[in-house]
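Each remark here refers to the structure printed beneath this line.
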Amino acid sequence: MRSCHSCNVRVLVAIVCGLLTGVVLGLGIWRLTVRIQRGVSASVSSTPVQFCRNGGTWQNGRCICTEEWKGLRCTIANFCENSTYENLTFARIPVGRYGPSLQTCPANTLNAGIPLATRLCTLSEYGEIYLQNATRGNCTENLQTLETQIDSITTKSNNISAEAQFLTADANRLTAENITSAALVVGQIFNETRRAEEQAKRVAITTVSQILDASEDVFQKAAVINEDSFSTLIEQMESYSFSLGDERVVEPNVAVQSVTRGDDTGSSVLFSVQRGSSDSLVSGGTSVNKTADRLNPDAQTELQILLNTGQNKNSCGFVVYQNHKLFQSKTFTATSDFSQKIISGKINTSDQNPDVSVQMVFNPTYDKREFQLHSYACVYWNFVTRDWDTRGCQKDGSAAGFLGCRCNHTTNFAVLMTFKKDYQYPKSLDVLSNIGCALSIAGLALTIIFQIVTRKIRKTSVTWVLVSLCTSMLIFNLLFVFGIENSNKNLKISDGDISVNPDNNEIPVRDTVDTPNPSCTAVAALLHYFLLVTFTWNGLSATQLYFLLIRTMKPLPPHFILVISLVGWGVPAIIVGVTVGSVYAQSGDKSHWELDYRQEEICWLAIPKSDNFVKSPFLWSFIIPVTIILITNIAIFITITVKVLWKNNQNLTSTKKVSSLKKIFSTLSIAVVFGVTWILAYAMLINNDDIRIVFSYIFCLFNTTQGLQIFILYTVRTKVFQNEASKVLKSLSSSFDRVKKPSMPSVTPRGLRLRMYNMLRSIPTLHERFRLLEPSEVTEETSLSW
């Protein structure tokens, strides 16, 4: 008998292992099939990812290359190779850039860690790439000391300008103080009263381009230190733009163009900036048309300005900035890294000519797969208020496909754009999730009803912990199925929604627009709350079982049920309330606070960014509490499993010992209620798509069916349920016998039951399995008491 029993256990274990192996293999095959299908569809419907080489990205129908490469597929070199000059070595340098030497200033100098020299990689007039001689810097002089030498610019302009360029070559090392000092020094180099050398001014353009590579945060801090330094630099560069004749100076982030005019020129000047292979202005091109009378942008035009001067034939100047960092606005907040070019167009005159005006078109660069242009405003930089202004400017929709503007004066112009993110909303919940949640909802509802209705039959009080756990889990599953999808997915947006009404030219507050959805935020808060409640009751069930099974000689603490009820339902409410309140209070823009708390794709907590993970509400209000509960539950689970469930009592006879199958079911019962299977969620953090997708579906399989597991382990396996189910089956059998047609073969109900009995006896394995499913009296009473 014992050998037969052990054989049956081995067969059951083999079946379970086979099923799990089949599930894993099936998921792997399914994943491989999906990948093949995706690969086929991607090759047919879209450009292959490998089309753009050497770090290039595919955007808007073309490759956007890094500065080191150019060409259709970013395969043409645009850099100078590693080099040496005297005893200095230099790494690869993109065309138009100064590369720092690998050797740095000694540790005992003022500029410790700063490169000893820089070297320019440039193009010859025949288009050949070559390196200029290296320029050594002064390790005992920094930008702050240069600021004190402004009065010496007249006599030392070349040295001061070269030192400023050298000290700003590495934008990653620049601080807010460095930016302020560099702006002050360069601004005075452009000042005509300082009479700086022409070469010094050209090098100063390089310095301005280099500091524009610094981060936005550094510029914001620099503007707080000295906002006037930026305004002075901008004004002096406008004046400098008149002095180059018909020449131009183009750096990666700044381009300056002068235009001389005579009797043979028209009343307008057209200045164009063409789109390049990268974001650098060097990769594109600029052009001037002195006889144009209208705008004529084409597909390669990124920016175009028509300066109408009337009868005034004075020289004109244009300055293009690759980004807006020198223009720190207090009313408009830019949160994206889109290329927002600023252009200055002026005529060299001190008279206020009412005939002077400008027309502009902008073709901004942004990833149209992820963002969609929502609106824009035509603005100019007001030097009095130190901010953007719309006076005298209005929108112009005459150029199809471009953002058009008209202004009745000249200065620095820009378009402030707002975007809507093109969120990829999920089409629907996965089929596996839907089926699992549906089974869990049914199982949880039946478990709650069973626990309440049969409390007198079982001669025990209602299992409060189990009912509370099932209730919170049931509500969470209902919210998950019916409320997690954002209703904003049904909103249709298109480019036709962009307003070009000339009378509607208001400055936006920020560059991204999100459609508020309070109902989605409420669902996210409820999901947050009930999932925390579920985990809290997981922890409380573990605590109670620890008291009942491990500390059996000590009574439960006084008012135990009341205390755990307050903890189970109250603590998660405090966490969610504090989280929502703190997110709302810390959000500077009250209309945007929702997406600091939840996602837009689904109504769930916002996924933290890598640079802001520590401060994210997702970490402090969910990950940390859940992790603490899971660690505690796993420790209690291991303790109970080792000391109670799988501990053999040698004093018991073989007939009273608990079978291995019952031990397995008891272990699974505790694991399910403790939420141990949620540790699979951490396996989904593995940085491997194939492994992560398998664990994702295993996690989904175990956790979406958690309610069904509870129903099977805590309802179906009880003797009360089995007795009631047996009565129902007998009643159905009797009803079937009464409606049986006379024409059917005469098989009496007793004969039918006899055949069923003989059939079960002929399959001893199946008979034994059904017998083992019946929990013992000890297991029944223990499960009903917590």
- Can you tell me how many residues in the range 358-385 are among the aliphatic types (A, V, I, L, M), over 15 Å from residue 512 (Cα atoms) and either within 33 Å of the chain's Cα centre (by Cα) or outside any strand (DSSP E or B) (or both)? 3
- Query: Is it the case that the range 350-360 has a residue that's of a type outside the set (Val, Ile, Thr) and either within 30 Å of residue 216 (Cα to Cα) or outside the structural domain of residue 404 (by TED's automatic domain parsing) (or both)?
  - Reply: yes
- Item | Failed item, numbered, when residue 63 is tested on (1) under 17 Å from residue 277 (Cα atoms); (2) buried (at least 18 other Cβ atoms within 10 Å of the Cβ); (3) at pLDDT 90 or above | (3)
- Message: I need a count of the residues in the range 703-738 that are among the aromatic types (Phe, Trp, Tyr) and at pLDDT below 75.
- Response: 2
- residue 388 passes all but one of the listed conditions (1) surrounded by fewer than 19 Cβ atoms within 10 Å (Cβ to Cβ); (2) more than 24 Å from residue 268 (Cβ to Cβ); (3) of a type in the set (A, V, I, L, M, F, W, C); the exception is number (1)
- Could you tell me whether any residue of the range 368-385 is within 13 Å of residue 305 (Cβ to Cβ), of a type in the set (Lys, Arg) and touching a residue at least 40 places away in the same chain (Cβ under 8 Å)? no
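Among residues belonging to the range 247-264 that are modelled with pLDDT of 90 or more and in a loop (DSSP other than H, G, I, E, B), point out the one that is farthest from the chain's Cα centre (by Cα).
Selected residue: 260.
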- Message: Restricting to the range 386-407, count the residues that are more than 27 Å from residue 298 (Cβ to Cβ) and part of a loop (DSSP other than H, G, I, E, B).
- Response: 4
- Message: For a quick check of your reading: which helices (runs of 4 or more DSSP H) sit entirely within the range 170-232 and have at least 3 residues that are touching a residue at least 60 places away in the same chain (Cβ under 8 Å) and in contact with a Ser or Thr (Cβ under 8 Å, 6 or more places away or on another chain)?
- Response: none
- Counting only strands (runs of 3 or more DSSP E) entirely within the range 80-148, those with at least 1 residues that are of a type outside the set (D, E, K, R), over 16 Å from residue 68 (Cα atoms) and in contact with a helix residue (DSSP H, G or I) (Cβ under 9 Å, 6 or more places away or on another chain) are 117-123
- Return a yes/no flag: does the range 150-163 have any residue that is under 39 Å from the mean Cα position of the chain (by Cα), hydroxyl-bearing (Ser, Thr, Tyr) and buried (at least 16 other Cβ atoms within 10 Å of the Cβ). no
- So residue 543, is it more than 22 Å from residue 675 (Cβ to Cβ), in contact (Cβ under 8 Å) with a residue 60 or more places away in the chain and either out of contact with any Leu (no Cβ under 6 Å at 6 or more places or on another chain) or of a type in the set (D, E, K, R) (or both): no
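For the range 313-350, which residues satisfy the criterion of being within 24 Å of residue 252 (Cβ to Cβ) and among the basic types (Lys, Arg)?
325, 341, 346
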- Residue check, residue 406 surrounded by fewer than 22 Cβ atoms within 10 Å (Cβ to Cβ), at pLDDT 90 or above and either aromatic (Phe, Trp, Tyr) or in contact with a strand residue (DSSP E or B) (Cβ under 9 Å, 6 or more places away or on another chain) (or both): yes
- Message: Just to check your reading of the model, which residue among 340, 322, 372 is polar (S, T, N, Q) and at pLDDT 85 or above?
- Response: 322
- Query: Within the group 164, 182, 169, 214, which residue is closer than 23 Å to residue 113 by Cα and touching a strand residue (DSSP E or B) at 6+ places or on another chain (Cβ under 7 Å)?
  - Reply: 169
- Message: Return the residues of the range 192-211 that are of a type outside the set (Lys, Arg) and surrounded by fewer than 21 Cβ atoms within 10 Å (Cβ to Cβ); say none if nothing qualifies.
- Response: 192, 193, 197, 198, 199
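The values are calculated or read from the model by the stated rules, or taken from the named source; none is laboratory data. Source: prediction; values computed, not measured. For neighbour counting, all protein chains shown are included, and Cβ atoms are generated from backbone atoms with ideal geometry for every residue, glycine included.
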